[in-house]
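The values are calculated or read from the model by the stated rules, or taken from the named source; none is laboratory data. In this text the structure is predicted, and so the values were computed from the model without any measurement. So basically every Cβ, Gly included, is an ideal-geometry build from the backbone, and we count neighbours across all protein chains shown.
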């Protein structure tokens, strides 16, 4: 069997030489003719790698590498912890001239069980974030741009009003559960603030909305007696509140 293979190889080799000689081909062409007779396919000639190409080839993996399970989990965690929510301002509220974009557990899952939330607050010139309460959080306000008049009211019986004008780079704290506000007094320049709250669900109750825009509305007799105003004034205030929101 071995002799038969050697003989066949010799016959093919002699035949290839004859083909190459008859066509005046070179020694390399003789090899190509032999490949053709044997039905072999020869690929392109090997490329000589030098310098940087050789170093890159040495570093390259022999086969495509699949990402490890650890790398996959790391990317999944990073996607969970990352959010672009505060890049854009929210819609401005009625005629108040303020827009609040709150990132809390409901809108940014990474904050779930972390006990904190953060909000971007934009103010138009003369814009106001009207008097409101966060029943479950203390708020720290950082003013990034502009000027604001900020303040809060203490509880009864003192009912003291604490206020301060703050500028870009300043911080102000609003204690939990107290009525507070922010007002951009400037008539031509907007303002931007970032508010951090120590609750993943701080809640917010605007006084004017609670009193005059609730669903269902408070009885007019309750408002008249509480505020010392008549029916017409109550209806006017309700109308104004509906216009603002």
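Report, ordered by the first and then the second residue, all pairs with beta carbons closer than 9 Å, sequence separation of six or more or different chains, a first member in region 84-107 that is outside the structural domain of residue 136 (by TED's automatic domain parsing), and a second member that is part of a helix (DSSP H, G or I).
Listed pairs, sorted by first residue: none to list.
Return yes or no: is residue 132 at pLDDT 95 or above, closer than 20 Å to residue 92 by Cα, within 28 Å of the chain's Cα centre (by Cα) and buried (at least 18 other Cβ atoms within 10 Å of the Cβ)?
Numbers: at pLDDT 95 or above: yes; closer than 20 Å to residue 92 by Cα: yes; within 28 Å of the chain's Cα centre (by Cα): yes; buried (at least 18 other Cβ atoms within 10 Å of the Cβ): yes.
Yes.
Based on what the data block shows, is residue 115 within 28 Å of residue 195 (Cα to Cα), assigned to a loop (DSSP other than H, G, I, E, B), modelled with pLDDT of 70 or more and in contact with a helix residue (DSSP H, G or I) (Cβ under 8 Å, 6 or more places away or on another chain)? Can you show your working first?
Numbers: within 28 Å of residue 195 (Cα to Cα): yes; assigned to a loop (DSSP other than H, G, I, E, B): yes; modelled with pLDDT of 70 or more: yes; in contact with a helix residue (DSSP H, G or I) (Cβ under 8 Å, 6 or more places away or on another chain): no.
No: the conditions fail for residue 115.
Do we find a residue being more than 17 Å from residue 201 (Cβ to Cβ), exposed (fewer than 15 other Cβ atoms within 10 Å of the Cβ), in the same structural domain as residue 195 (by TED's automatic domain parsing) and modelled with pLDDT under 90 anywhere in region 58-80?
Among the residues of region 58-80, not one is more than 17 Å from residue 201 (Cβ to Cβ), exposed (fewer than 15 other Cβ atoms within 10 Å of the Cβ), in the same structural domain as residue 195 (by TED's automatic domain parsing) and modelled with pLDDT under 90, which makes the answer no.
So that you can scan it fast, the table gives a plain yes or no per residue for (1) in the same structural domain as residue 99 (by TED's automatic domain parsing); (2) surrounded by 14 or more Cβ atoms within 10 Å (Cβ to Cβ):
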{"position": "162", "(1), (2)": "yes, yes"}
{"position": "173", "(1), (2)": "yes, no"}
{"position": "191", "(1), (2)": "yes, yes"}
{"position": "220", "(1), (2)": "no, yes"}
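Take region 135-169 and flag every residue that is in contact (Cβ under 8 Å) with a residue 60 or more places away in the chain, under 25 Å from the mean Cα position of the chain (by Cα) and part of a loop (DSSP other than H, G, I, E, B).
Taking region 135-169 as the starting set, the residues that turn out to be in contact (Cβ under 8 Å) with a residue 60 or more places away in the chain are 135-139.
Add one more test, that the residue is under 25 Å from the mean Cα position of the chain (by Cα), and what stays is 137-139.
Scanning region 135-169 gives 137, 138.
Of (1) in a loop (DSSP other than H, G, I, E, B); (2) under 29 Å from residue 112 (Cβ atoms), residue 214 satisfies all except one. Which?
(2)
Here is a list: 159, 184, 198. Which entry is in contact with a strand residue (DSSP E or B) (Cβ under 7 Å, 6 or more places away or on another chain) and under 17 Å from residue 119 (Cβ atoms)?
Numbers: 159 fails: under 17 Å from residue 119 (Cβ atoms); 198 fails: in contact with a strand residue (DSSP E or B) (Cβ under 7 Å, 6 or more places away or on another chain).
None of the others qualify; the one that does is 184.
Counting only residues that are outside any loop (DSSP other than H, G, I, E, B) and surrounded by 11 or more Cβ atoms within 10 Å (Cβ to Cβ), which one in region 82-97 is farthest from the chain's Cα centre (by Cα)?
Only one residue fits best here, namely 86.
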